[in-house]
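Shown next, in structure tokens, is the structure this report addresses.
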Amino acid sequence: MSLMLGSLLEDEMCTSKTCPEMRAGPKFKYMWADKVKYKKPVNLCASEYIDCLMTWVESQLDDEEIFPINSNNFPKDFAKIIKTIFRRLFRVYAHLYHHHFKQIEQGSGDVHLNTAFKHFILFALQFELIPENELGPLEHLIKHLLDKSSKASVSKINESKSNS
């Protein structure tokens, strides 16, 4: 995801002019709050939202109170923290697909984006890390990916049975 974002920001595809709000299509708008610098939700342009998010995620991952290095003493709210990270990262995928997919496709990055998102969403769904009501912006894509995954799994099962 970082490579994709870096490319978008470097190529100035996602700027305060092209994306003045963090959106995923016309129906979904996201505001930023981190309880540190932004105590209350604020409207940021998409590139600033993404930058704040990636900085925040890095700070969460680097925090030994959340991800202990020398013990298994995770905080009581660990699951809530992980779900917040995944929910917010999903918003970036939703923004990319809704507002920059054509540009990503033109740069031949669509296969990378699709593969990364498929792994991300299958993991998130397996462990119930993103509430269903948050998946709306990419609902059709997720159904398509799940359908393809199911068919591929069935094909592999059938293939292994026929080889036995």
query: What pairs come up if the first residue lies in segment 13-31 and is among the polar types (S, T, N, Q), the second is in a loop (DSSP other than H, G, I, E, B) and open to solvent by less than 80 Å² (accessible area, probe 1.4 Å), and their beta carbons are under 6 Å apart, counting only those six or more places apart or on different chains?
result: 16/45
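Is it the case that some residue within segment 85-98 is surrounded by 13 or more Cβ atoms within 10 Å (Cβ to Cβ), out of contact with any His (no Cβ under 9 Å at 6 or more places or on another chain) and over 18 Å from residue 137 (Cα atoms)? Spell out how you get there, then give the answer.
Within segment 85-98, the subset surrounded by 13 or more Cβ atoms within 10 Å (Cβ to Cβ) is 85-98.
Next, only the ones that are out of contact with any His (no Cβ under 9 Å at 6 or more places or on another chain) stay: 85-98.
Filter once more, so that each one left must be over 18 Å from residue 137 (Cα atoms): none.
No: segment 85-98 contains no residue that is surrounded by 13 or more Cβ atoms within 10 Å (Cβ to Cβ), out of contact with any His (no Cβ under 9 Å at 6 or more places or on another chain) and over 18 Å from residue 137 (Cα atoms).
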field: segment 46-67 - residue that is farther than 21 Å from residue 78 by Cα and in contact with a helix residue (DSSP H, G or I) (Cβ under 9 Å, 6 or more places away or on another chain) and, of those, surrounded by the fewest Cβ atoms within 10 Å (Cβ to Cβ)
entry: 51
query: Quick check: is even one residue across segment 78-97 more than 29 Å from residue 63 (Cβ to Cβ) and modelled with pLDDT of 95 or more?
result: yes
- prompt: What residue, among those in segment 8-45 that are at pLDDT below 95 and not in a loop (DSSP other than H, G, I, E, B), is surrounded by the most Cβ atoms within 10 Å (Cβ to Cβ)?
  reply: 8
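Only one residue in 74, 117 is under 16 Å from the mean Cα position of the chain (by Cα) and free of Cβ contacts under 8 Å to residues at least 40 places away in the same chain, so which one is that? Spell out the reasoning first.
Working: 74 fails: under 16 Å from the mean Cα position of the chain (by Cα).
Exactly one of 74, 117 is under 16 Å from the mean Cα position of the chain (by Cα) and free of Cβ contacts under 8 Å to residues at least 40 places away in the same chain, namely 117.
The values are calculated or read from the model by the stated rules, or taken from the named source; none is laboratory data. In this text, all values refer to a predicted model and were calculated from it rather than measured experimentally. When we count neighbours, we look across all protein chains shown, and the Cβ atoms used for this are built from the backbone with ideal geometry, even at glycine. These area figures cover heavy atoms from the full protein model, side chains too; ligands, DNA and RNA do not enter into them. Shrake-Rupley method; radii C 1.70, N 1.55, O 1.52, S 1.80 Å.
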